[in-house]
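Notes for the one structure printed next.
The values are calculated or read from the model by the stated rules, or taken from the named source; none is laboratory data. As the structure is a computational prediction, the values presented were derived from the model and not from experiment. Cβ placement follows ideal geometry from the backbone for every residue including glycine, while neighbour counts extend to all protein chains displayed. These area figures cover heavy atoms from the full protein model, side chains too; ligands, DNA and RNA do not enter into them. Shrake-Rupley method; radii C 1.70, N 1.55, O 1.52, S 1.80 Å.
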Amino acid sequence: MRISLISKLTIGTSLILLVFMVFFAYINIATFKTTLMEAAISDADKLSETIIKSTHYEMLEDNRKRAYAMIQEVGTLEGVQYIRMINKSGTITFSTDKDEIGRYLDKTEAGCNVCHTSGEPKVQASTMNRSRIFFDKAGKQVVGMAKAIYNEKSCYTSACHFHPPKQRILGVIDIIVSLENMHTMIGTYRNKIIFLTIFLLLSISLAITIFTHHLVNRPVKQLLTQTKRIAQGDLDAQVKDVTNDEMGELTDAFNKMTASLKNARMELEEWAKNLEAKVAERTSEIKQMQMQLIRSEKLVSLGRLVAGITHEINNPLTGILMFANLTKESPHLDPSLKTDMDVIINEAQRCAKIVRGLLDFSRESIPQKKQVSLNSIMEATLTLIGRQSSFHNVDIIRDYQPDLPLVLVDENQLEQVFINMLLNASQSMFSGGSITIRTYAEDEYACIRITDTGAGISEENMGKIFDPFFTTKTDKGMGLGLSVSYGIIERHGGKIEVRSKLAEGTTFTIKVPLNPQGKEALAASSTVS
Ligand SMILES: Nc1ncnc2c1ncn2[C@@H]1O[C@H](COP(=O)(O)OP(=O)(O)OP(=O)(O)O)[C@@H](O)[C@H]1O
Ligand SMILES: [Mg+2]
């Protein structure tokens, strides 16, 4: 069986309260009863004292009739059952109950035995000891109070009758008072106390229930409802009415936890959404790397082939050029053949230029390296070719990293690479555009990124642009620029990356490895930032 928290608290506190209040009520009634009893005994004692005092004179006068009449009168008071006088020998000399007069009382009888315990009467006994509580013939509870009448000087000097001075006690006055009234009062008081206890118990239980409901049950219920909503996936609702106590702190923490859960879920959803895009991006990166690998392998074998051929061609070509020049200068040559000789020399020179390009590509020429900044090489390149007609409608935007670490490179070869890149970029922008040049250091490389707003490269051509003699330029392109650039950068231990979108533009990124000092500088700057 499930008992709610509030019921448990109410039942628990009510039970504890009940125990304490019943105990308190019991003590209260018992104390009240004792007080009333003492008051009744004291009243009876005072009454007997009053009787003794008021009949004193009549007794001295030996006017017993008047004395007895007075006692009779007092006996009619409310609650007084009867009053009797007992003489020294134990005979009842007078009683408001006529039937008793003349009866002899034994010392062991109730009321007598208080003082006559050891034969001789005690002269002084306490009020409580002199009282006795018993039930009368009608079965009602009464209190009896016996009081000794002492032999005073006035008594034994009186003329009328004589008591010897040695006799200390002349007799006893015994008053029996009903306790009925006291019992009625106790009953009324007990009923009041029981009613008050029940009323207080109910009121306190109700107050505890209301307080607990307001302070504990309601916030706990709200938290429970919220927890169930979270379990069902609803993270929007927040618990309101945050109180300024521990419950409030708990609610606040709960609200914060819900908010963080919501954020985490949103991030997760966002992440799931982006996952597809990220996978696509990663796939294209992997594709690019794969292409680069294939290209690299292809170019290595192609390089070896080209190196062999150009080596073989270079010697005979030098011979052809040398002898063609000698023949052209010879006086025996028919002047009509001079223009033909010029054609031979020009074509042979074109062949020699191709061979030089091929040699560059096939790693034949060894780089002359020195410490230099990519920024300054690019600036020198721009000064060299920036005034060419193909750059007239082109905006050059520089975005250099000023403290770019120096790199160990062949300045001329790098210049040649930049010329190739810039020319390709300008040639792709038929009606003008912009070339953005950005330099930066990243991942142990000094990088230069050349972005144009030109025609872009098709997916199909992307795999071929680094091949020697691949060109889309029908008129002046030889298709050697990128293959030579690739050879140079590879020889420097670097790499060339390319991204392009048709009709939007192309970005070539050339990465040259940093030397140890450059790496240290890069590490230091990244730690600072
Ligand atoms: N920035 C660019 N924008 C568009 N296409 C480009 C770009 N750079 C290179 N290409 C493409 O790559 C091909 C090969 O370029 P590469 O520089 O090797 O040869 P080329 O420019 O055609 O001739 P060469 O450089 O020998 O005069 C180009 O014909 C062109 O189709
Ligand atoms: Mg080119």
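Miscellaneous remarks
- Which listed residue, of Ser89, Ser48, is of a type in the set (Gly, Ala, Ser) and modelled with pLDDT under 85: Ser89
- Wholly within region 422-529, helices (runs of 4 or more DSSP H) carrying at least 2 residues that are within 16 Å of ligand 2 (Cβ to nearest atom): 459-462, 481-491
- Residue match in region 226-241 (condition: within 24 Å of Thr10 (Cα to Cα), surrounded by 13 or more Cβ atoms within 10 Å (Cβ to Cβ) and not assigned by TED's automatic domain parsing to the domain that holds Leu9): no
- Those residues of region 40-55 which are surrounded by 12 or more Cβ atoms within 10 Å (Cβ to Cβ) and without any contact (Cβ under 8 Å) to a residue 12 or more places away in the chain, in sequence order: Lys46
- Positions within region 389-409 being open to solvent by 100 Å² or more (accessible area, probe 1.4 Å) and either under 21 Å from Leu514 (Cα atoms) or outside the structural domain of Ser426 (by TED's automatic domain parsing) (or both), in sequence order: Pro402, Asp403
- Of the criteria (1) part of a strand (DSSP E or B); (2) within 12 Å of ligand 2 (Cβ to nearest atom); (3) charged (D, E, K, R), which one Arg398 fails: (2)
- Restricting region 443-465 to residues that are open to solvent by 30 Å² or more (accessible area, probe 1.4 Å) and without any contact (Cβ under 8 Å) to a residue 40 or more places away in the chain leaves a set whose member that is farthest from ligand 1 (Cβ to nearest atom) is Asp443.
- Condition met for Ile396 (among the β-branched types (Val, Ile, Thr) and in contact with a Gly (Cβ under 8 Å, 6 or more places away or on another chain)): yes
- Condition check for Pro468: in the same structural domain as Ser525 (by TED's automatic domain parsing), surrounded by 21 or more Cβ atoms within 10 Å (Cβ to Cβ) and not aromatic (Phe, Trp, Tyr): yes
- Going through (1) within 19 Å of Met378 (Cβ to Cβ); (2) buried (at least 18 other Cβ atoms within 10 Å of the Cβ); (3) within 53 Å of the chain's Cα centre (by Cα) one by one, Asn420 falls short only on (3).
- Tally of residues being open to solvent by less than 60 Å² (accessible area, probe 1.4 Å) and under 29 Å from His311 (Cα atoms) across region 331-341: 1
- Any hit, region 478-485, residues being under 17 Å from Gln413 (Cβ atoms), surrounded by 16 or more Cβ atoms within 10 Å (Cβ to Cβ), modelled with pLDDT under 90 and away from ligand 1 (no atom under 11 Å from the Cβ): no
- Number of residues in region 68-90 that are free of Cβ contacts under 8 Å to residues at least 24 places away in the same chain and open to solvent by less than 40 Å² (accessible area, probe 1.4 Å) equals 2.
- Only one of Asn255, Asn191 that is free of Cβ contacts under 8 Å to residues at least 60 places away in the same chain, surrounded by 12 or more Cβ atoms within 10 Å (Cβ to Cβ) and either in the same structural domain as Leu9 (by TED's automatic domain parsing) or in a helix (DSSP H, G or I) (or both): Asn255
- Number of positions in region 93-117 that are under 17 Å from Tyr150 (Cα atoms) and modelled with pLDDT of 75 or more: 1
- Residue within region 428-437 that is buried (at least 20 other Cβ atoms within 10 Å of the Cβ), under 26 Å from Gln517 (Cβ atoms) and within 12 Å of ligand 1 (Cβ to nearest atom) present: no
- Residue in region 500-520 that is over 58 Å from the mean Cα position of the chain (by Cα) and either farther than 30 Å from Gln371 by Cβ or open to solvent by less than 20 Å² (accessible area, probe 1.4 Å) (or both) present: no
- For the condition open to solvent by 20 Å² or more (accessible area, probe 1.4 Å), away from ligand 1 (no atom under 16 Å from the Cβ) and more than 29 Å from Arg295 (Cα to Cα), Ser376 qualifies.
- Tallying residues that are hydroxyl-bearing (Ser, Thr, Tyr) and in a loop (DSSP other than H, G, I, E, B) within region 208-252 yields 1.
- Residue check, Gly386 within 15 Å of ligand 1 (Cβ to nearest atom), open to solvent by 10 Å² or more (accessible area, probe 1.4 Å) and out of contact with any Ser or Thr (no Cβ under 6 Å at 6 or more places or on another chain): no
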